[in-house]
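Every number in this text was worked out from the coordinates using simple rules, so none of it is lab data. Keep in mind that what you see is a predicted model, and the values were worked out from it rather than measured. Cβ placement follows ideal geometry from the backbone for every residue including glycine, while neighbour counts extend to all protein chains displayed.
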Amino acid sequence: MISLRDLTVRYGATTAVESISVDLAPGKIYGLLGRNGSGKTSLLSVLSAYRKPSSGSVTIDGSDPFENRALMRDIVFVRDALDAVEGDRAGTLLDLHARMRPCWDAELAAKLVATFELDPRKRIGALSRGQRSSLGVVIGLASRAPLTILDEAYLGMDAAARMAFYREMLADYLEHPRTIILSTHLIQEVADLLEEVVIIDRGRLVVHEDTDTFRSRGVAVTGAAETVDAFAAGRAVLAEQSLGGTRQVTLYGALDADERRQAESAGLSLSPVGIQDLFVHLTSPERTLEAAR
Ligand SMILES: Nc1ncnc2c1ncn2[C@@H]1O[C@H](COP(=O)(O)OP(=O)(O)OP(=O)(O)O)[C@@H](O)[C@H]1O
């Protein structure tokens, strides 16, 4: 179990992560979602023991990962920087991880290198943006670390490479379940892979729940403006738009069967809201959930 307690990360006057407490059960794929600068990388850096929290704590199965060699071997953190010597060859970096990672799977690494058409003889500094990301993904997946953290691992990858990444990740995860945390802005693309979503906004935790429950909370209600307004009264409204006499509101909060019947008999139409739209509404600067309530 990963437990964050009042986790705070500050850089001088900037508070990147503010008092986040959350428990993440092992063996799931998590989506860490947040707008630019919301604190995702800062949070993941602490989780992967790259950085000490300013205050609060992180424990993994009860132990602090910071400077904990045994725990750190079981955490792989793939991020933009790749943590590599630019003059080294891609294959050298893979060999390094093969030696460092107790669960490294050389066969999987070779298969992924072929899938992404990577040339292990190429120097890291000479890789294209997408090839660098692919190399990161090979390291992330072939490490088979019990805690695998992929921070925007897809940067620069084209659509075909991203689809291959998702496919390979899911296939390997199903055979070798582990905790995977994906930080991503491509929410719609990965939505079906995520078992739980964690949303942070301006350093604070906004949502942590299983993806289906989160998805079920969003409903778009469309109909005559006054009927929609009457139905929406007292509910959390995340967004609204009107065209002529027709209004659509996005509500946050699952409707029960009675409420659905009531809406439909009033002539309103109900439609689901994708998790990307829910995310956008919940983290929009103008309309936070607190404001909506
Ligand atoms: N090394 C640093 N020094 C000073 N401020 C930093 C540093 N790293 C991050 N920050 C600040 O902390 C805040 C959170 O940044 P962070 O990189 O954690 O966000 P993020 O959610 O990963 O963003 P993005 O989606 O744009 O990658 C931002 O305001 C950023 O400017």
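Using θ = phi - 60° in the Karplus curve 6.51 cos²θ - 1.76 cosθ + 1.60, the 3J(HN,Hα) couplings for segment 71-79 round to 5, 5, 5, 8, 10, 10, 10, 9, 9 Hz; x is entered for Gly and Pro. Summary: within the chain, the longest segment free of GluC sites (Glu not before Pro) located in DSSP loops with at most 10 other C-beta atoms within 10 Å is 118-285. Using alpha carbons only, the radius of gyration of segment 106-205 set against its Kirkwood radius gives Rg/Rh = 0.97.
With the Cα gyration tensor of segment 2-211 in hand, convert its eigenvalues to equivalent ellipsoid semi-axes via √(5λ) and list them largest first in whole Å. Can you show the working numbers first?
Values: eigenvalues 145, 67, 58 Å².
Rounded to whole Å, the semi-axes are 27, 18, 17.
Placing pseudo-labels 7 Å out from each Cα toward the beta carbon at Arg123 and Arg99 gives an inter-label distance of 2.1 nm.
Quote the charge dipole size of the chain about the Cα centre in Debye, to the nearest 20; the model charges only the Cβ of Lys and Arg (+1) and of Asp and Glu (-1). Each step should come with its number before you reach the end.
Numbers: 33 positive and 40 negative charges, 172 e Å.
So the dipole magnitude of the chain works out to roughly 820 debye.
Mind jotting down the distance between the C-alpha centroids of segment 217-272 and segment 61-75, whole Å? The distance from the Cα centre of segment 61-75 to that of segment 217-272 comes to 48 Å.
Using the number of other C-beta atoms within 10 angstrom as an exposure proxy, rank Ser134, Ser128 with the fewest first.
Working: Ser134 27, Ser128 11.
Listed from fewest to most nearby Cβ atoms, that is Ser128, Ser134.
Could you tell me the relative contact order of segment 134-293? Use alpha-carbon pairs under 8 Å, at least six residues apart, and round to a whole percent. Write down the numbers at each step before the final one.
Values: 213 pairs, mean separation 30.2, N = 160.
Dividing the mean separation by the residue count of segment 134-293 yields 19 percent.
For a label point 7 Å from the Cα of Val280 along Cα→C-beta, name the residues of segment 239-257 whose backbone N is under 20 Å from it. What the label zone holds, given the 20 Å backbone N cut-off, is 239-244, 247-253. Under a 5 Å amide H cut-off, with hydrogens placed 1.01 Å from N, Val17 pairs with Val9 among residues at least 5 apart or on other chains. For Ile181, the residues whose modelled amide H falls within less than 5 Å of its own, excluding neighbours fewer than 5 places apart on the same chain, are Tyr30, Thr148, Ile149, Leu150.
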